[in-house]
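Reviewing the structure listed below.
The values are calculated or read from the model by the stated rules, or taken from the named source; none is laboratory data. The shown structure was predicted, so the numbers you read here are calculated from the model rather than taken from an experiment. Note that we place each Cβ from the backbone using ideal geometry, even for glycine, and neighbour counts take in every protein chain shown. All accessible areas refer to the heavy atoms of the entire protein, side chains included, with ligands and DNA or RNA removed. Shrake-Rupley method; radii C 1.70, N 1.55, O 1.52, S 1.80 Å.
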Amino acid sequence: DVTIIPSGMHRDIFSNVMALLDKAVSVAQAQDEPDNALRNNTAKTRAMLEQRGVQAELAARMAAVRMFTVPSGAYGSNVSLMTDRSDTWDDEKKVADAYFMRMSHMYGQGFWGESGEAVGQAGIGKDLLKAALSGTKMTVHSRSSNVYQVLTGDDPFQSFGGVSMAVRAVDGKTPEVFISNLENVSNMKQETLEKYMG
């Protein structure tokens, strides 16, 4: 129940998309149904925040955030920078920590790129992102280009690979990884990453 937004999206489009997604999250969370995973996760996260001393109203807003990305105006998850400097780390946890630090800025519910530090809660943005990712069974990335593929540049592995690695860091298990193959509008399909790359 989390959305990671690519950081290269044009600001006006980004703002409109974020507003619509935030509205959809609010509507979904309001549905009082026993199997509403979004509502249940929000309640669990709110309780965690209140136990940490976050005031109830702020905890409710923060717990309802489901969109995380880089600070406003920034670009990239920093996973590509870590990958390029593979001689500086020997544990994937360091790469995941860099991802969480960079991608843990909140969007929606009245926030626009704030980290936990910006609202007086050191480290809380990372904890919120981790709570939202916990239990993720699959990650999905869409490809609509016939020009660029998943190995052409660093964007797919730093964003899509980054979130899949982040889920593994949180839950200890790699999620299923799928590509929404939109290259041929007459034959759009979901494929495993392995099949798409093949």
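Over its Cα atoms, what ratio of radius of gyration to 2.2 N^0.38 Å does region 25-100 give?
So region 25-100 has a normalised radius of gyration of 1.50.
Distance check, please: which entries in Lys126/Lys195; Lys23/Lys189; Lys94/Lys173; Lys94/Lys130; Lys93/Lys173 exceed 21 angstrom between their Cα atoms?
Lys126/Lys195; Lys23/Lys189, as the Cα separations exceed 21 Å there.
Quick one: divide the alpha-carbon radius of gyration of the chain by 2.2 N^0.38 Å and tell me what you get.
Working it through for the chain, the quotient is 1.04.
Can you list the aspartates and glutamates whose alpha carbon is less than 18 Å from that of Lys44, not counting same-chain residues fewer than 8 positions off?
Asp1, Asp32, Glu33, Asp35, Glu57, Asp127, Asp171
For the chain, what does -39500 (n - 2.57) per DSSP helix run (n ≥ 4), summed and divided by total residues, give at 222 nm, in deg cm²/dmol to the nearest 500?
So the calculated ellipticity at 222 nm is -13000 deg cm²/dmol.
Can you tell me the order of 74-85, 95-106 when each peptide is scored by its average per-residue count of other Cβ atoms within 10 angstrom, highest first?
Ranking, from highest mean packing down: 95-106, 74-85.
Where only protein heavy atoms count, and the probe is 1.4 Å, what is the accessible area per residue for the chain in Å²?
I get 55 Å² per residue for the chain.
To the nearest 0.05, what FRET efficiency results for Lys94 and Thr192 with a Förster distance of 22 Å applied to their C-beta separation?
0.20
Report the calculated FRET efficiency for Ser142 and Gln51 (r = Cβ-Cβ distance, R0 = 41 Å), to the nearest 0.05.
0.65
Mind giving me the FRET efficiency for Val150 and Lys44? R0 is 35 Å, r the Cβ-Cβ distance, nearest 0.05 is fine.
Taking R0 as 35 Å, the efficiency between Val150 and Lys44 is 0.55.
If each residue of separation counts as 0.36 nm, what is the full-extension length gain between Thr174 and Asp35 once their alpha-carbon separation is subtracted?
The span from Thr174 to Asp35 would gain 47.6 nm if fully extended.
Along its three principal axes, how long is region 12-67 when you only count alpha carbons? Whole Å, largest extent first please.
Here the Cα extents, ordered largest to smallest, are 37, 26, 13 Å.
Applying the Karplus parametrisation 6.51 cos²θ - 1.76 cosθ + 1.60 with θ = phi - 60° to the phi angles of region 49-57, what ³J(HN,Hα) value in whole Hz is obtained for each residue in order, glycine and proline being reported as x?
These are the phi-based 3J(HN,Hα) values: 5, 5, 5, 7, x, 6, 4, 4, 5 Hz.
Could you tally the net charge around Gln149, taking each other residue with its Cβ under 10 Å from the Cβ of Gln149, Lys/Arg +1 and Asp/Glu -1?
Every neighbour counted, the sum reads 0.
Roll a 1.4 angstrom probe over the protein heavy atoms and tell me the percent of accessible area of the chain that is carbon or sulfur.
C and S fraction of accessible area: 53 percent.
Taking a ≥ b ≥ c as the square roots of the Cα gyration tensor eigenvalues, with a/c under 1.5 meaning rounded and otherwise prolate when a/b beats b/c, else oblate, which class fits region 79-124?
It is prolate, given that a/c is not under 1.5 and a/b is the larger ratio.
Provide the percentage of antiparallel DSSP beta bridges, counting only those with both residues in the chain; round to the nearest 5.
Bridges in the chain that DSSP calls antiparallel: roughly 55 percent.
Could you work out Rg/(2.2 N^0.38 Å) for region 114-198, with Rg from alpha carbons only?
1.31
For region 90-105, just list the computed ³J(HN,Hα) in residue order, Karplus coefficients 6.51, -1.76 and 1.60, θ = phi - 60°, integers in Hz, with x standing in for Gly and Pro.
So the Karplus estimates, Gly and Pro as x, are 10, 9, 4, 4, 5, 5, 4, 4, 5, 4, 4, 4, 6, 9, 9, 8 Hz.
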